[in-house]
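So the structure is just underneath, and the comments pick up after that.
The values are calculated or read from the model by the stated rules, or taken from the named source; none is laboratory data. Nothing here was measured: the structure is a model prediction, and the numbers come from that model. Because the Cβ atoms are built from the backbone with ideal geometry, glycine has one as well, and the counts that use them run over all protein chains shown.
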Amino acid sequence: MTQASVSAGDDRERPGPLAGIKVVDLTHWAAGPVAAMVLGDLGADILKIEPPAGEPQRGMGVTFPGGWSTFFLACQRNKRFVSINYRDPRGRELVQKMASTADVVLENARPGTWERHGLDYETLRKLNPRLIYASITGFGQTGPMRDWLAMDPIAQAAGGVVGITGSEEGGPAKVGAAITDVVSGRLAAFGVVTALYDRMSTGVGQRVDASLFSTAVSLLTMRETEFQFTQQNPPLLGTAHGQIVPAEAFTTSDDRRVMLCIYSDWHWARFAELAGKPELAQDDRFITNSSRCQHRVATIAAVQDVVRSRTEAEWTGLLAGEIPYGPVLEFDQLWQHPQLEANELIASYDMPGVGEVRSIGSPIRFSGFSQPVRRVPAPAGADTVDVLREEGLSDEAIGELIAAGVVHSAPSQTVATA
């Protein structure tokens, strides 16, 4: 396995701060697995509970190197894989037994789902008052949208993100990344860590709730306050800003795009100077942001004419670090960019039958510890036997459960049977 390099002299090889924290992970699809992965990156022992057929994300998408879904490879590191049929009463008892000694149970099913299986918060807290029970739903535990099915595009739409994204020509658009899935997962992990900290003083656990809808709405913080005073739906401006001009993407001479955000009049004057167009800083239409907003079309046309005169690389050399500027990096540029390694953003690991897999690492760095890939994605049930042994079951009992179809074990695991 490999990971982003650690600076010489760093002493960051100690276990992560969540080492010793046991998480029973009942999640599937995307937001929940991201939350579990974040906790696993921080050192927690993630026991991913799947039905015998495996969770749906194993078959998600259209890209399957070596038979593995790239969706699955992206967010299933640093976990142990346990396969239990929790619809069977004996399987349910096994999960309850695991939860009774766990620190965290993490789930992302529709509200009411786990009540039917006796694995809901109220049931499990009676077995373990110190338990943190974290839920990620589409729309929350209450309200008129409680029972709606949601995936990331639905949450982006209902949560207001799609309504302010896109252009007048093309219409509304969703954000290209699964933003509510990923951010909800990271917010849920933040909620878990906060609840664990709170438990240090209270001695008891609690329920943590996150939802894709709430995440989407939370992204509109500044836009909501603006609407409060205008009572006008924001226009669709593509890459442009509604109140700052110019603040959008422009096309270069080599047909790449660069983003300019001229947030102050000083930035405008500096842009004009660096671009070799001092007349722009002297034109009454462009001197202040207010005047540039009033003459948006003329401003954008003037800037685009200037930007067309140089390549992306030339503009980067000229403007980066001088004014708010950045190239619109396409994937063929982004994934090879040295800033990724500098920020330790790539978590690489070797996958049997696949080779090296480069996944997105933690966007947060710590000086006191690193976040290595300790475990790679594995087949359903790869760790069932080991985990059940840790729960106190004998090999004979495990063998009986396997024979009865209550649990599933990967072929590489064996147990002694009578």
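Remarks
- Note on segment 230-255: among residues that are over 19 Å from residue 167 (Cα atoms) and at pLDDT 90 or above, the one that is surrounded by the most Cβ atoms within 10 Å (Cβ to Cβ) is 252.
- Taking the criterion of being in contact with a strand residue (DSSP E or B) (Cβ under 7 Å, 6 or more places away or on another chain) and not in a helix (DSSP H, G or I), the residues of segment 168-198 that qualify are 172, 173.
- Residue selection: residue 207 fails the criterion of being at pLDDT 95 or above, assigned by TED's automatic domain parsing to the domain that holds residue 33 and either loosely packed, with under 15 Cβ neighbours inside 10 Å or more than 20 Å from residue 110 (Cβ to Cβ) (or both).
- Within segment 365-377, residues that are closer than 24 Å to residue 58 by Cα sit with their Cβ atoms under 8 Å from residues that are crowded, with 19+ Cβ neighbours inside 10 Å and β-branched (Val, Ile, Thr), at 6+ positions apart or across chains, in these pairs: 376/357.
- Screening the candidates 306, 297 for the property of being part of a helix (DSSP H, G or I), among the β-branched types (Val, Ile, Thr) and touching a Lys or Arg at 6+ places or on another chain (Cβ under 6 Å) yields one hit, 306.
- Selection count, segment 260-275, where residues are more than 16 Å from residue 248 (Cβ to Cβ) and in contact with a Pro (Cβ under 6 Å, 6 or more places away or on another chain): 1
- Options 63, 113; residue that is surrounded by fewer than 16 Cβ atoms within 10 Å (Cβ to Cβ), assigned by TED's automatic domain parsing to the domain that holds residue 358 and either aliphatic (A, V, I, L, M) or under 25 Å from residue 206 (Cβ atoms) (or both): 113
- Any helices (runs of 4 or more DSSP H) falling wholly within segment 34-141 and containing at least 2 residues that are touching a Pro at 6+ places or on another chain (Cβ under 7 Å): 70-74
- The single residue among 201, 214 that is in a helix (DSSP H, G or I), assigned by TED's automatic domain parsing to the domain that holds residue 134, more than 27 Å from the chain's Cα centre (by Cα) and at pLDDT 95 or above turns out to be 201.
- Residue match in segment 70-80 (condition: of a type in the set (Phe, Trp, Tyr) and surrounded by 20 or more Cβ atoms within 10 Å (Cβ to Cβ)): yes
- Residues of segment 7-33 that are within 20 Å of residue 137 (Cβ to Cβ) and part of a loop (DSSP other than H, G, I, E, B): 26, 27, 28, 29, 30.
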